[in-house]
1. Yes or no: residue 45 under 14 Å from the mean Cα position of the chain (by Cα), open to solvent by less than 70 Å² (accessible area, probe 1.4 Å) and hydroxyl-bearing (Ser, Thr, Tyr)?
2. Filter the strands (runs of 3 or more DSSP E) completely within the chain down to those with at least 2 residues that are touching a His at 6+ places or on another chain (Cβ under 8 Å).
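The values are calculated or read from the model by the stated rules, or taken from the named source; none is laboratory data. Predicted, not measured: the structure shown is a model, and the values here were computed from it. Backbone-built Cβ (ideal geometry, glycine too); neighbour counts: all protein chains shown. Just so you know, the surface numbers come from the protein's heavy atoms only, side chains and all, with ligands and any DNA or RNA stripped out. Shrake-Rupley method; radii C 1.70, N 1.55, O 1.52, S 1.80 Å.
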Amino acid sequence: MQAYTLTINCEVMNEMGVLVSHTLKTEAHLPPQPEDKFMFISRNYFKPIIIRIERILSSVTGNPFSEQVCLGEEIDEPYDIKEAFYGTWIMAD
């Protein structure tokens, strides 16, 4: 099965209720498509993060882990999640 390096640029609500720009990065098993929803869970973060893909910004192929760079938005709908990541992701500013 092919793996994809999934990089999502988005705004995520922090503990104070303020939207903060972050980049979420992980290894996905399925290629992202617009409107797909991904869930990110970590015991180091106070709540699950559900991101809906808005646009695919770039897709780099030709390497073992094809990189998919996307623009996403945080949503509150926990339905139709394409893939969930449990502690296997990183959040960067």
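1. So residue 45 fails the test.
2. Numbers: elements: 3-13, 19-28, 37-41, 49-60, 65-75, 81-86, 89-92.
Hits in the chain: 3-13, 89-92.
Matching residues to (1) within 10 Å of residue 8 (Cβ to Cβ); (2) among the polar types (S, T, N, Q); (3) modelled with pLDDT under 95; (4) open to solvent by less than 40 Å² (accessible area, probe 1.4 Å):
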residue: 54; (1), (2), (3), (4): yes, no, no, no
residue: 68; (1), (2), (3), (4): yes, yes, yes, yes
residue: 71; (1), (2), (3), (4): yes, no, no, no
residue: 77; (1), (2), (3), (4): no, no, yes, no
residue: 87; (1), (2), (3), (4): no, no, yes, no
residue: 92; (1), (2), (3), (4): no, no, yes, no
